[in-house]
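Enquirer: Would you mind keeping the following structure in view while I ask a few things?
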Amino acid sequence: MNSVSYEELLEKEGRVMTHVAGSSMMPLLHDRESIVIVEAIKNRKPQLHDVVLYKRGNTYILHRILKIREKDYLIRGDNLWTTESVPKDRVMAVMTGFYHEPEGKLIERKNVLYQLYIFLLPWIRWGRRIGRKIRRLRQRTVPEQWI
């Protein structure tokens, strides 16, 4: 059986539907549960806050655009703290929708709840970070028999 790359599928079909692997886009996308629909860059120009597909080495990455610059994008996963610069010519597709599970409802970029998520994302990220710090602090200061 021949393996077909995302680049070939995007060139031929214009869009791809695939499962996500990894936790970098949590809580929006879940490892091996969420299914994303991405459209070729030639069909849809990336905008601020879009989730885009690009390739780093042999790995395909799906992360969010934080800033658009002249020659590159500043990109980061929703569950990450490090930002990376990705040249515009390495971005191959834009996420147009996703399912949380195969039987779930399609959520498109224009969905009101998705737009609310994008607006609240900075607070969600900081809330999750503070929550992790509190859990770690509790584990260090509370005797084991009290937990």
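FYI, it's all coordinate maths here, none of it is from the lab. Being a predicted model, the structure only gives us computed values, none of them experimental. Glycine gets a Cβ as well: all are built from the backbone with ideal geometry, and neighbour counts include every protein chain shown.
Enquirer: Can you pull out the trypsin sites (Lys or Arg not before Pro) in the range 1-67 whose DSSP state is coil and whose Cβ has at most 15 other Cβ atoms within 10 Å? Mind showing how you got there, number by number?
Expert: On the way: sites: Lys12, Arg15, Arg32, Lys42, Arg44, Lys55, Arg56, Arg64, Lys67; in loops: Arg32, Lys42, Arg44.
Loop-located and lightly packed - Arg32, Lys42.
Enquirer: Checking the cross-link filter: which aspartates and glutamates have an alpha carbon closer than 14 Å to that of Lys105, excluding same-chain neighbours under 8 positions apart?
Expert: Leaving aside aspartates and glutamates fewer than 8 places away in the same chain, those within reach of Lys105 are Glu33.
Enquirer: Not counting the cut sites, what is the longest span of the chain without GluC sites (Glu not before Pro) that DSSP labels loop and that have at most 13 other Cβ atoms within 10 Å?
Expert: 104-147
Enquirer: Could you name the lysines whose alpha carbon sits less than 25 Å from that of Lys110, not counting residues in the same chain fewer than 8 places away?
Expert: Lys42, Lys45, Lys67, Lys88
Enquirer: Would you mind ranking Asp78, Asp31, Asp89 by Cβ crowding within 10 Å, fewest neighbours first? Mind showing how you got there, number by number?
Expert: Numbers: Asp78 20, Asp31 13, Asp89 10.
Fewest-to-most Cβ neighbours within 10 Å comes out as Asp89, Asp31, Asp78.
Enquirer: Each residue of the range 42-47 in turn: what ³J(HN,Hα) in whole Hz from Karplus with 6.51, -1.76, 1.60 and θ = phi - 60°, glycine and Pro shown as x?
Expert: Those phi angles translate into 5, 8, 8, 6, x, 10 Hz.
Enquirer: Give the residue list of chymotrypsin sites (Phe, Trp or Tyr not before Pro) in the range 17-87 that are DSSP loop and have at most 15 other beta-carbon atoms within 10 angstrom. Could the numbers behind the result be given before it?
Expert: Values: sites: Tyr54, Tyr60, Tyr73, Trp81; in loops: Trp81.
The qualifying sites are Trp81.
Enquirer: State, to one decimal in nm, how far the label point of Leu137 lies from the label point of Arg15, with both points 7 Å from Cα in the Cβ direction.
Expert: So the label points at Leu137 and Arg15 sit 4.6 nm apart.
Enquirer: If you take the square roots of the eigenvalues of the alpha-carbon gyration tensor of the range 6-109 and sort them as a ≥ b ≥ c, do you get rounded (a/c under 1.5), prolate (a/b over b/c) or oblate? Numbers along the way, then the final one.
Expert: Details: a/c = 1.63, a/b = 1.19, b/c = 1.36.
Oblate.
Enquirer: Give me, ordered by chain and number, the residues 5 or more places off Asp50 or on other chains with an amide H under 5 Å from its own placed amide H.
Expert: For Asp50, whose amide H was placed from the backbone, the distant partners under 5 Å are Ile65.
Enquirer: Pick from Pro27, Pro46, Pro122 the residue whose mean-square fluctuation is largest in a GNM of the chain, springs joining Cα atoms under 10 Å.
Expert: With Cα springs under 10 Å in the chain, the top fluctuation among Pro27, Pro46, Pro122 is at Pro122.
Enquirer: Given H placed 1.01 Å from N in the peptide plane, which residues other than close sequence neighbours of Gly77 have an amide H under 5 Å from its amide H?
Expert: Arg64
Enquirer: Further, regarding this structure: Could you derive backbone 3J(HN,Hα) for the range 76-87 from the dihedral phi with the Karplus parameters 6.51, -1.76 and 1.60 (θ = phi - 60°), listing whole Hz in sequence and x where the residue is Gly or Pro?
Expert: Calculated HN-Hα couplings, in order: 7, x, 4, 9, 10, 10, 8, 9, 10, 8, 10, x Hz.
Enquirer: On to the next question. How far is it, in nm, from the label point at Trp126 to the one at Trp81 when both lie 7 Å from their Cα along the line to the Cβ?
Expert: About 1.4 nm separates the two model spin labels.
Enquirer: Next question, about the same structure. Assuming a ≥ b ≥ c are the square roots of the Cα gyration tensor eigenvalues, decide whether the range 50-139 counts as rounded (a/c under 1.5), prolate (otherwise, with a/b larger than b/c) or oblate. Walk me through the numbers on the way to the answer.
Expert: On the way: a/c = 1.83, a/b = 1.25, b/c = 1.46.
The shape class here is oblate.
Enquirer: How far apart, in nm, are two points set 7 Å out from the Cα along the Cα-to-Cβ line at Lys45 and at Lys105?
Expert: Result for the modelled spin labels: 3.2 nm.
Enquirer: Using each residue's phi in the range 122-127, evaluate 6.51 cos²θ - 1.76 cosθ + 1.60 at θ = phi - 60° and report the 3J(HN,Hα) Karplus result to the nearest Hz, with x for Gly and Pro.
Expert: Values, residue by residue: x, 6, 4, 4, 5, x Hz.
Enquirer: What residue among Ile130, Ile107, Ile75 has the largest mean-square fluctuation in a Gaussian network model of the chain, using Cα springs under 10 Å?
Expert: Result: Ile130 has the largest fluctuation of those listed.
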